[in-house]
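Worksheet: one structure, shown below.
Every read-out reported here was derived from the displayed coordinates using simple, explicitly stated rules and does not represent laboratory data. Keep in mind it's a predicted model, so treat the numbers as computed, not measured. All Cβ positions, glycine included, derive from the backbone under ideal geometry; neighbour counts span all protein chains shown.
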Amino acid sequence: MAEKPWGGRFAAQTDRRVEQFTESISFDHRLFEHDVVGSIAHARMLARVGLLTEAECEQIVHVLSEIRQEIAEGRFPFSIEKEDIHMHIESALTARLGDLGRKLHTARSRNDQVATDVKLWTRDAIDRLDGLLADLQRAFVAFADRHRDLILPGYTHLQRAQPVLAPHYALAFVEKFARDRDRLADCRRRLNVLPLGAAALAGTTLPIDRESVARELGFDSVAANSLDVSSDRDFLAETLFCLTLVAEHLSGWAEEWILWSTQEFGFLLLPDSVCTGSSIMPQKKNPDVLELIRGRTARVVGALQTVLVLIKGLPLAYNRDLQEDKLPLFDAVDTVSSCLELAAVVVSGAELNRDRISSRLDEGFLDATTLMEYLILKGVPQRTGHEVVGRLVSLCESRRCRLADLPLDDLRAACPAIDEDVSGSLGVENAVKAFRSYGSTAPDQVSEQLTAWKAKLGQGPNG
Ligand code: ARG
């Protein structure tokens, strides 16, 4: 009969079906590294306050490191009788050290232990995600650099609107991922408060030193309320919200590039290495990576929903429901990590189809708003200018020509404020050059932004 840590109070063995139903080792084994690190910090603190001798502490630290090594190398046996990673490690310690192993859980509960482990794991995950986001930003910066002088049609409502420089377009994504990094950093700061020492829910009567544990584990402070922190999972909801926005950003980008790689758009050339074919239609080349990045957003949004519903209505303090928090956390972190990695691969390999894009820039009156602003500078009220250009666009449509093709007489007939210098505002190239506001697609603005991002991010994987 496998011994349970709560065996003293129990007369009967746990039903096998209950063990199967309640175990978490099948997924929380991923916490082993952080569980060991947390236990070592805890043992060192117990020695500092005299609850363990120095020699006892050294033995515990030594064996914990051994166990960590065995788990890392896949040489450690797991079984559901020991429920979770915490009980596995503690029982291995006791198997090797006897009564000394039975001292490690002094002034600690699995409630504050698991909260600490999950925080440590999440903190590392945030740091890794930050690196992946920076890699993707660098890939977009390199993409911006290789398409420096290319003009794209900018869209609203998926209708041609105004011209934008390709680097302006690429840097829009760099900005989104910068906000994602900032949000994760902010979440990390709020997360970084030590639960350990809260014990089961009320703290402990033993003379522990939580400050020193916080320092050793890199926490910025110690949680001030044991009841709160032993069951708090706000940091998971926050992390998953941050990840959901990353996934949403990736999904919008993926959707656009799927569209851009169609015959109908023909804007984007994806390398064969990131596409797949069809088993029946020999000509097909499909953007499956982009489609899966878009599709996997569903899982990340789902993970956030799962945690929000999981913590809804839980009374204080720890409830076993909380064991379920790790599944959505792990899944969302894994999903977003692989999506970010693959997104960088796609961005690094993609090329815009310059000829196709440039040859159709004359369609859609991308210079209409520039012409209206030209009129404003000539003293025409904005609403009047809007109407005038609207009428000119209609005229062009009936004549099947561009605004730049209209003779000056026709332009002046529509609005006498128009002079010969209007030619400087017509045509897509001129329209782009006419921009000047901060943050606009004006060439000097864009090149300043590009230089600033390069300096901030350094060289990319393919930059
Ligand atoms: N396996 C549990 C979890 O992941 C550990 C904490 C169990 N605490 C308890 N009081 N049963 O949440």
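For the reader, a short list of remarks on this structure follows.
- Using θ = phi - 60° and Karplus 6.51 cos²θ - 1.76 cosθ + 1.60, couplings along segment 403-412 (whole Hz; Gly, Pro as x): 4, 5, 8, 5, x, 3, 4, 5, 5, 5
- Evaluating 6.51 cos²θ - 1.76 cosθ + 1.60 at θ = phi - 60° for every residue in segment 395-400, the Karplus couplings come out as 4, 4, 4, 5, 8, 6 Hz, glycine and proline recorded as x.
- Between Glu248 and Phe21, the C-beta separation translates, for a Förster distance of 45 Å, into a calculated FRET efficiency of about 0.80.
- Cα-based reach from Lys326 at 20 Å (exclusive), listing lysines while leaving out same-chain residues under 8 positions away: Lys82, Lys119, Lys312
- Taking amide H positions as modeled 1.01 Å from N, with prolines and chain starts lacking one, the residues under 5 Å from Val164 and 5 or more places away or on another chain are Leu152, Gly154.
- Stretchable slack from Thr106 to Arg146, in nm (0.36 nm times residue separation minus alpha-carbon distance): 8.4 nm
- Cβ-Cβ FRET estimate between Glu351 and His62, R0 fixed at 51 Å, reported to 0.05: 0.35
- Virtual spin-label span in nm between Asp124 and Lys285, 7 Å along Cα→Cβ: 4.1 nm
- Rounded to the nearest angstrom and listed largest first, the equivalent-ellipsoid semi-axes of the chain from its Cα gyration tensor are 61, 23, 19.
- Eligible lysines near Lys285 by straight Cα distance, threshold 30 Å, same-chain separation 8 or greater: Lys176
- The value of relative contact order for the chain, using C-alpha pairs under 8 Å at least six residues apart, is 17 percent.
- Segment Leu158-Glu324, length gained on full extension (0.36 nm per residue, minus Cα span): 55.6 nm
- Among the GluC sites (Glu not before Pro) in segment 190-292, those placed in a DSSP loop whose Cβ has at most 10 other Cβ atoms within 10 Å are Glu264.
- Euclidean distance between Cα centres, segment 221-248 to segment 411-463, Å: 43 Å
- Phi angles across segment 148-154 convert, under the Karplus curve 6.51 cos²θ - 1.76 cosθ + 1.60 with θ = phi - 60°, into 3J(HN,Hα) values of 2, 9, 7, 9, 10, x, x Hz, Gly and Pro given as x.
- Under 5 Å, built H, 5+ apart or other chain: amide partners of Gly197: Ser109
- Chain lengthening between Glu175 and Ala237 when straightened (0.36 nm per residue, less Cα-Cα): 20.0 nm
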